[in-house]
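Student: Before we start, here is the structure in question, set down as structure tokens.
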């Protein structure tokens, strides 16, 4: 059941945004941010959870997929079912990619979204 929840959560978020956000606010991020007014606390919380869900699962998914492909290409042990001592290259690449992605997001001179 726990493995099924990450696939269900984005679907749940899209359904909740369809319920709580007016139709004119579904087209741009700047318009969706207008839902964060005091009268729409439920919509703001759901939008926050949707963005948090997308960013965390996206970062982990891209990093783990890249680490898996790189270690498989060179014939090393790879996969989350191995312990760290069994597949240190896999977990090392995974950690480096996560830190690199976090560092790129934190760069102040690199705007992620131009509005």
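What follows is calculated from the coordinates using simple rules that are stated; it is not laboratory data. It should be emphasised that the depicted structure is a prediction, and the values quoted were computed from it without experimental measurement. Cβ placement follows ideal geometry from the backbone for every residue including glycine, while neighbour counts extend to all protein chains displayed.
Student: With r as the distance between the Cβ atoms of residue 84 and residue 105 and R0 = 22 Å, compute the FRET efficiency 1/(1 + (r/R0)^6) and round to 0.05.
Tutor: Calculated transfer efficiency: 0.30.
Student: Order 82-91, 101-110 from most to least packed using the mean count of other Cβ atoms within 10 Å. It would help to have the intermediate numbers written out before the result.
Tutor: Values: 82-91: 14.0, 101-110: 9.0.
The most tightly packed comes first, giving 82-91, 101-110.
Student: Between residue 73 and residue 49, how high is the FRET efficiency from 1/(1 + (r/R0)^6) when r is the Cβ-Cβ distance and R₀ = 30 Å? Nearest 0.05.
Tutor: Values: r = 36 Å, r/R0 = 1.20.
For residue 73 and residue 49, the calculated efficiency is 0.25.
Student: Can you give the extra length, in nm with one decimal, that the chain gains between residue 65 and residue 98 once fully stretched, where that is 0.36 nm per residue apart less the Cα-Cα distance? Don't skip to the end; give the middle numbers.
Tutor: Working: separation 33, 0.36 × 33 = 11.88 nm, distance 1.16 nm.
Length gained between residue 65 and residue 98: 10.7 nm.
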